[in-house]
Amino acid sequence: MLIVKKFGGTSVADKERIFNVAKRIADDYKKGHEIVVVLSAMGKQTDILLSMAKDINPKASKREIDMLLTTGEQTSVALMAMALDALGIPAVSLNAYQVAMHTTSTYGNSRIKRIDTERINMELENKRVVVVTGFQGVNKLDDYTTLGRGGSDSTAVAIAASLHADACEIYTDVDGVYTTDPRIVKDAKKLKEITYDEMLEMASLGAGVLHNRSVEMAKKYGVQLVVRSSLNNSEGTLIKEEVKMEKMLVSGVAADKNTARIAVIGLEDQPGVAFKLFNHLSRHDVNVDIILQSVGRDGTKDISFTVNDEDLETAVETIERHRQGSLKCEKVDVEKDVAKVSIVGAGMMSHVGVAAKMFEALYDVGVNIKMISTSEIRVTVLIDDKDLDRAMNAVHDKFFPTQK
Ligand code: ADP
Ligand code: ASP
Ligand code: MG
């Protein structure tokens, strides 16, 4: 079998963990499997590198930041190849340039376009374990790019798809996908299986266990994923097109702290205002999420919306720049200490009252809802950051009551 195995930062955080992973790889190698390993940077290395950049120059260019960040993954793959060698397993480390992992141009948030398989295949034919850097790619200028935080999962899926691998295993610091973040809700339950669509919603709504684009790609190319622990042998969670289990009403609860709310107050109440506002924002690559418009009164209206924390500054600057021109308004309010809580589940499509049940859970613990957004298979609310843990526990308990 050809197996792609991805290990996250915590799983390779120090010498002991690196050897723990190397031994697991060695066991599979000795069974005769061909193995491609994808690694993240060790422990919190990406965060450390980011703060070093900020310290030197708070306005450092995205190109240079990517140049810096890619060293994190380069360190871990080289050390892993050395560890495998120490165990008597032939291995070679490759970075994105050596593999030729082609991405779009955008620094900091590129997408994988194509992966050359020649070099990897050649190394596999030579019976080597191939250890590849996650999270990075090379653009048409031959510059390094990164795929966005958590992007190593996407590297693994893209490699699995390109090589037509028999399995793609994502090893992390929890032993599968849970009904919600097990670090926040102690009663979270491990899922045996989950569909691509549900996982994609969960990941997009903040369940950091998988990079959302990795799920998107897995669905597109039919790569079945398994999420497992790098520290024990428990079974993990399968992510695939259809699941055998009876559909639950709600498959999970997700949280996202990386969000901010902008309220544009006193806009003119006439056609084209929303278009102008969101058009200016999209031209500056600002991703807008929940949108709420007030009922017009006295010729004015308010529009509030949420953006990712990283986009907040650009969004506010953009609006301020147009306030004197096409986007007249009274004021712009910003709230940073907000978070999103979402429930996700295909079962919602055919049931009424799911949203009400969520709101009831929040009411029970006195959490105020600031914004609401829904789709066929999810309900999202915006709340204060400080209420997040309480809200998550209450909502989770409502849909997944613990048997006492
Ligand atoms: P890695 O470094 O291995 O990629 P991540 O930190 O990116 O690990 O992802 C694993 C983390 O995702 C877990 O430690 C957990 O706190 C978090 N997480 C959030 N939502 C979920 C969920 N629904 N199921 C499992 N883990 C989750
Ligand atoms: N090292 C990168 C990050 O911390 C990529 C990853 O972990 O997947 O975001
Ligand atoms: Mg991750």
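Treating only the Cβ atoms of Lys and Arg (+1) and Asp and Glu (-1) as charged, compute the dipole magnitude of the chain about its Cα centre; round to the nearest 20 debye.
380
Which net charge results when you count Lys and Arg as +1 and Asp and Glu as -1 among the other residues whose beta-carbon is under 13 Å from that of His33?
Result for the local shell: +1.
Take the alpha carbon gyration tensor of the range 46-103, find the square roots of its eigenvalues, order them as a ≥ b ≥ c, and report rounded if a/c is under 1.5; if not, report prolate when a/b exceeds b/c, else oblate.
Note, shape of the range 46-103 comes out oblate.
What distance in nm separates the simple spin-label points at Lys331 and Asn232, each placed 7 Å from Cα in the Cβ direction?
Taking the two extended label points, one gets 5.3 nm.
Taking the Cα centre of the chain as the origin and placing charges on Cβ (Lys, Arg +1; Asp, Glu -1), which of Leu200, Ile159, Val341 is farthest toward the positive end of the dipole?
Towards the positive end, the residue furthest out is Ile159.
What do you reckon, how do Glu268, Glu241 stack up by accessible area (1.4 Å probe), largest on top?
Ranked from most to least accessible, the order is Glu241, Glu268.
Which one, Pro90, Pro182, Pro271, has the greatest fluctuation when you compute a Gaussian network model over the chain with C-alpha springs under 10 angstrom?
Looking only at Pro90, Pro182, Pro271, the largest GNM fluctuation is found for Pro271.
Which residue, Lys59, Lys127, Lys220, tops the fluctuation ranking in a GNM of the chain built on C-alpha contacts under 10 Å?
Highest fluctuation of the listed residues: Lys59.
How large, in percent, is the carbon and sulfur part of the accessible surface of the range 173-267 at a probe radius of 1.4 Å?
The computed percentage sits at 49.
Using a Förster distance of 45 angstrom, determine the FRET efficiency expected from the C-beta separation of Met122 and Arg390, and round it to 0.05.
For R0 = 45 Å, the calculated efficiency reads 0.25.
If I take the Cα coordinates of the chain and project them onto the principal axes, what are the three extents in Å, biggest first?
Computed over the chain, the largest-to-smallest principal extents equal 77, 56, 34 Å.
Could you pull the accessible area for Tyr97 with a 1.4 Å probe, rounded to 10 Å²?
Accessible area, nearest 10 Å²: 120 Å².
Tally Lys and Arg at +1 and Asp and Glu at -1 over the other residues with C-beta under 9 Å from the C-beta of Val185: what net charge comes out?
Local net charge: -2.
Can you give the extra length, in nm with one decimal, that the chain gains between Ile48 and Glu376 once fully stretched, where that is 0.36 nm per residue apart less the Cα-Cα distance?
Extra length available between Ile48 and Glu376 comes to 114.1 nm.
Which residue fluctuates most in the GNM of the chain (Cα springs below 10 Å): Met52, Met202, Met217?
Largest GNM mean-square fluctuation: Met52.
Rolling a 1.4 angstrom probe over the protein heavy atoms, how many square angstrom per residue are accessible across the chain?
With all protein chains present, the chain gives 48 Å² per residue.
Could you give the nm distance between label points at Val352 and Arg323, where each point is 7 Å from its Cα heading toward the beta carbon?
Placing both labels 7 Å beyond Cα along the Cβ direction yields 4.5 nm.
Summarise the accessible area of the range 270-404 (1.4 Å probe, protein heavy atoms) by the percent that is carbon and sulfur.
About 48 percent, which is the carbon plus sulfur part of the accessible surface.
Heavy atoms of the protein only, probe of 1.4 Å, neighbouring chains included. What is the accessible area of Phe135 in Å², nearest 10?
Accessible surface of Phe135 is approximately 10 Å².
The values are calculated or read from the model by the stated rules, or taken from the named source; none is laboratory data. Model, not experiment: these values are computed from the prediction. As a convention, Cβ positions derive from the backbone with ideal geometry for all residues, glycine included, and neighbour counts pool all protein chains shown. Quick note on the areas: whole protein, heavy atoms, side chains included, nothing else; ligands and nucleic acids left out. Shrake-Rupley method; radii C 1.70, N 1.55, O 1.52, S 1.80 Å.
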